[in-house]
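Computed from the coordinates by the stated procedures, all read-outs in this text should not be read as laboratory data. Quantities reported herein were computed from a predicted structural model and do not represent experimental measurements. Every residue, glycine as well, gets a Cβ built from its backbone with ideal geometry; the counts of neighbours run over all protein chains shown.
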């Protein structure tokens, strides 16, 4: 079963360009992961410093491989001082069967 989540954070005032640069570089690496199915980055139209990242991994093993990737810790260490939260806020999602 796929592993799907939404990661959210807000760039500090004036840090938007650096956050965007970091997330663009990181997205290229994540999208190249064998088990990554989606890594889509959004900002809120009404609040452009608010970032939402929709992530889908093939399964739990692929998600764990993502968490253990060598570039993850350096990315998070660079991102943390640039955002308002202590870390990205993760919301894990479950699909809803709407087919009845």
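Find the residue count for the stretch 81-97, including only residues that are in a helix (DSSP H, G or I) and touching a helix residue (DSSP H, G or I) at 6+ places or on another chain (Cβ under 9 Å).
1
Matching residues to (1) over 13 Å from residue 69 (Cα atoms); (2) in contact (Cβ under 8 Å) with a residue 60 or more places away in the chain; (3) in contact with a strand residue (DSSP E or B) (Cβ under 9 Å, 6 or more places away or on another chain); (4) surrounded by 15 or more Cβ atoms within 10 Å (Cβ to Cβ):
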site: 11; (1), (2), (3), (4): yes, yes, yes, yes
site: 15; (1), (2), (3), (4): yes, yes, yes, yes
site: 34; (1), (2), (3), (4): no, no, no, no
site: 39; (1), (2), (3), (4): yes, no, yes, yes
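Between 70, 47, 78, 65, which is touching a residue at least 24 places away in the same chain (Cβ under 8 Å) and not in a helix (DSSP H, G or I)?
Result: 47 is the single residue among 70, 47, 78, 65 that is touching a residue at least 24 places away in the same chain (Cβ under 8 Å) and not in a helix (DSSP H, G or I).
In the stretch 50-62, what residues are surrounded by 14 or more Cβ atoms within 10 Å (Cβ to Cβ) and not in a helix (DSSP H, G or I)?
50, 51, 52, 53, 54, 55, 56, 57, 58
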